[in-house]
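What follows is a single structure, written as structure tokens, with notes after it.
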Amino acid sequence: AQSVTQLGSHVSVSEGALVLLRCNYSSSVPPYLFWYVQYPNQGLQLLLKYTSAATLVKGINGFEAEFKKSETSFHLTKPSAHMSDAAEYFCAVSVFTGNQFYFGTGTSLTVIP
Amino acid sequence: DTAVSQTPKYLVTQMGNDKSIKCEQNLGHDTMYWYKQDSKKFLKIMFSYNNKELIINETVPNRFSPKSPDKAHLNLHINSLELGDSAVYFCASSPFEGIGNYGYTFGSGTRLTVV
């Protein structure tokens, strides 16, 4: 079985500061890992995904994440926060033969002007 | 062109009523899902259909009944609505039964409020 844990249900950063959202996973087989973003009153949009190729994955809107097998982590970062990054962020795990995602509980990002 | 579209976007109804939420995808995907997002933003899978066949049916009350007339549509019918059914319901699709490295395409959600 797979699971993800997102540390910190709420994260606040100043505009222009580094964004770091944490995700740790558990999987008995090689995982596929995803980050989704949910803007207020909208659906979930794929930010980026790790699918066993490069461990450093670049996504949309300047976000990136690094897969670290030894730490079972897939943390999301962005060098400089923008006001438009304020949203809910979800980490999710799947596997090659999996038929569903396992989502984390989400992290709400607030960007302070 | 909306890839995964849900209707209605908002639904306010009284306890005890029966309501339906419709979902359609124009991506040619084989698999469709319903997720429930509660007030704490937690996402929980409810159902999954692959090419009109039910493949995931989590422990949801049998008042919830999915219907898939074809692989492009997965509707959710809810009988005897209760206050606890208030949530945002998301439809999603993926190309095939195994999510693998593709992931989902989500609809924009239906906010259901039961009063």
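Structure values in brief
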| item | result |
| --- | --- |
| The range A:58-105 - residue that is touching a Gly at 6+ places or on another chain (Cβ under 8 Å) and among the charged types (D, E, K, R) and, of those, nearest to A:LEU20 (Cα to Cα) | A:LYS78 |
| Answer residue from the range B:85-103, given it is more than 17 Å from B:LYS52 (Cα to Cα) and touching a residue at least 12 places away in the same chain (Cβ under 8 Å) and is nearest to the other protein chains (Cβ to nearest Cβ) among those | B:PHE90 |
| Any chance A:LYS58 is in contact with an Asp or Glu (Cβ under 9 Å, 6 or more places away or on another chain) and buried (at least 20 other Cβ atoms within 10 Å of the Cβ) | no |
| Subset tally (residues that are over 23 Å from B:ALA87 (Cβ atoms), surrounded by fewer than 22 Cβ atoms within 10 Å (Cβ to Cβ) and within 14 Å of chain B (Cβ to nearest Cβ)) for the range A:12-46 | 3 |
| The lone exception for B:ALA92 - which of (1) farther than 21 Å from A:ASN41 by Cα; (2) modelled with pLDDT of 90 or more; (3) small (Gly, Ala, Ser) it fails | (1) |
| Residue that is farthest from B:ASN75 (Cα to Cα), among those in the range B:18-57 that are surrounded by fewer than 13 Cβ atoms within 10 Å (Cβ to Cβ) and more than 10 Å from chain A (Cβ to nearest Cβ) | B:SER39 |
| Strands (runs of 3 or more DSSP E) wholly inside the range B:1-80 containing at least 2 residues that are touching a Leu at 6+ places or on another chain (Cβ under 8 Å) | B:10-13, B:19-25, B:31-37, B:43-50, B:64-70 |
| Residue list for the range A:48-65, filter: away from chain B (no Cβ under 11 Å) and assigned to a strand (DSSP E or B) | A:LEU56, A:VAL57, A:LYS58, A:GLU64, A:ALA65 |
| Condition check for A:THR97: in a loop (DSSP other than H, G, I, E, B), within 9 Å of chain B (Cβ to nearest Cβ) and closer than 28 Å to B:ALA87 by Cα | no |
| A:LEU7 at pLDDT below 95 and within 14 Å of another protein chain (Cβ to nearest Cβ) | no |
| Conditions (1) in contact with a strand residue (DSSP E or B) (Cβ under 9 Å, 6 or more places away or on another chain); (2) facing chain A (nearest Cβ under 8 Å); (3) without any contact (Cβ under 8 Å) to a residue 40 or more places away in the chain; number of the one not met by B:SER65 | (2) |
| Where a residue in the range B:5-33 is without any contact (Cβ under 8 Å) to a residue 60 or more places away in the chain and its partner, wherever it lies, is outside any loop (DSSP other than H, G, I, E, B) and hydrophobic (A, V, I, L, M, F, W, C), with Cβ under 7 Å and at least six apart | B:SER20/B:LEU76 |
| Restricting the range A:68-88 to residues that are farther than 15 Å from A:TYR50 by Cβ and not aliphatic (A, V, I, L, M), the residue that is surrounded by the fewest Cβ atoms within 10 Å (Cβ to Cβ) | A:SER84 |
| Hits in the range A:66-94 (condition: within 14 Å of chain B (Cβ to nearest Cβ) and closer than 15 Å to A:VAL4 by Cβ) | A:PHE67, A:PHE74, A:GLU88, A:TYR89, A:PHE90, A:CYS91, A:ALA92, A:VAL93, A:SER94 |
| Residue check for A:GLN45: within 20 Å of B:GLY109 (Cβ to Cβ) and in a strand (DSSP E or B) | yes |
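The values are calculated or read from the model by the stated rules, or taken from the named source; none is laboratory data. Treat the numbers as computed from the prediction; the structure is a model and nothing was measured. Every residue, glycine as well, gets a Cβ built from its backbone with ideal geometry; the counts of neighbours run over all protein chains shown.
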